[in-house]
Amino acid sequence: MLKLMGIGIAVVIAGVLVLAALRPDSFQVRRSTKINAEPEKIFPLINDLHRFNSWNPFEKPDMKGSYSGPQSGQGAAYAFGAGSIEITDSAPASRVTMALRMVQPFEVRNTVEFNLQPASSGATEVAWAMHGPVPYVAKIIHLFIDMDRMIGGEFETGLASLKTLAEKTQ
């Protein structure tokens with residue numbers, strides 16, 4: 001009986017390892033919303049990390065972080081307990097690209113992108129995306145944790161907060 005259980009456990013482990021090996025080598029999470037404000041009003045709320053953190057759902061009240069570099073735009077950075085985020089590129093009123101680096105619980109090097117596209121009647125379509133590599137160990141974890149659902153929900157919360165803030169300042 002123990003031998004059969006051992007074989008069963010080995011088959012399950014082998015199955016998980018094979019399934020993980022078949023998963024993609026990268027991931028992407030993307031959410032978007034329409035905000036009733038011009039891109040020029042929304043852009044500074046993303047391009048300035050101080051203002052970004054006023055609506056960023058990942059920034060928690062008890063986090064102690066430090067800002068470095070310029071106030072906004074390329075080179076502006078924010079270091080927090082387990083990592084950092086830095087603006088690597090920005091195009092006024094249209095795009096902000098950031099590098100997210102984490103050291104815990106796993107080392108992560110992802111790219112975060114915000115794209116602002118003018119829509120009808122002075123509104124703006126704002127897309128928030130994150131993509132990066134998925135090492136083999138992370139592929140195993142992704143079998144059990146849906147990154148799109150987990151991070152996507154936070155993106156939706158953040159975009160709703162950004163929408164409220166941007167539309168309030170109209």
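Kindly establish whether F27 is crowded, with 18+ Cβ neighbours inside 10 Å and within 30 Å of Y136 (Cβ to Cβ). So F27 fits the description; yes. Answer yes or no as to whether R51 is among the basic types (K, R), surrounded by 10 or more Cβ atoms within 10 Å (Cβ to Cβ) and under 30 Å from L143 (Cβ atoms). The answer is no for R51. The numbered conditions (1) modelled with pLDDT under 95; (2) under 22 Å from A91 (Cα atoms); (3) surrounded by 15 or more Cβ atoms within 10 Å (Cβ to Cβ) are all true for F43 except (1). Answer yes if at least one residue in segment 16-36 is among the β-branched types (V, I, T), under 13 Å from the mean Cα position of the chain (by Cα) and at pLDDT 95 or above, and no otherwise. No, segment 16-36 contains no residue that is among the β-branched types (V, I, T), under 13 Å from the mean Cα position of the chain (by Cα) and at pLDDT 95 or above. Considering only residues of segment 46-75 that are among the hydrophobic types (A, V, I, L, M, F, W, C) and in contact with a Ser or Thr (Cβ under 8 Å, 6 or more places away or on another chain), which is nearest to G158 (Cα to Cα)? Once the filter is applied, the top-ranked residue is W55. Out of the residues in segment 100-125 that are more than 14 Å from the chain's Cα centre (by Cα) and of a type in the set (A, V, I, L, M), state the one that is nearest to N56 (Cα to Cα). This residue is L116.
Among the conditions (1) assigned to a strand (DSSP E or B); (2) without any contact (Cβ under 8 Å) to a residue 24 or more places away in the chain; (3) among the small types (G, A, S), G75 misses just one, which is (1). Checked across segment 78-99, the condition of being exposed (fewer than 15 other Cβ atoms within 10 Å of the Cβ), more than 18 Å from the chain's Cα centre (by Cα), assigned to a loop (DSSP other than H, G, I, E, B) and in contact (Cβ under 8 Å) with a residue 60 or more places away in the chain holds for no residue. Scanning segment 1-60 for residues that are free of Cβ contacts under 8 Å to residues at least 24 places away in the same chain and not in a helix (DSSP H, G or I) returns M1, L22, E59, K60. Scanning segment 120-170 for residues that are part of a helix (DSSP H, G or I), small (G, A, S) and touching a strand residue (DSSP E or B) at 6+ places or on another chain (Cβ under 8 Å) yields G152, G158, A160, A166. I want to confirm something. Restricting to segment 141-162 and keeping residues that are of a type in the set (D, E, K, R) and farther than 17 Å from E113 by Cα, which single residue is modelled with the lowest pLDDT? Looking at residues that are of a type in the set (D, E, K, R) and farther than 17 Å from E113 by Cα, I get D146.
Looking across segment 122-146, just one residue is without any contact (Cβ under 8 Å) to a residue 60 or more places away in the chain and aromatic (F, W, Y), and that is F144.
The values are calculated or read from the model by the stated rules, or taken from the named source; none is laboratory data. Note that the structure is a prediction, hence the values are computed from the model and not measured. Because the Cβ atoms are built from the backbone with ideal geometry, glycine has one as well, and the counts that use them run over all protein chains shown.
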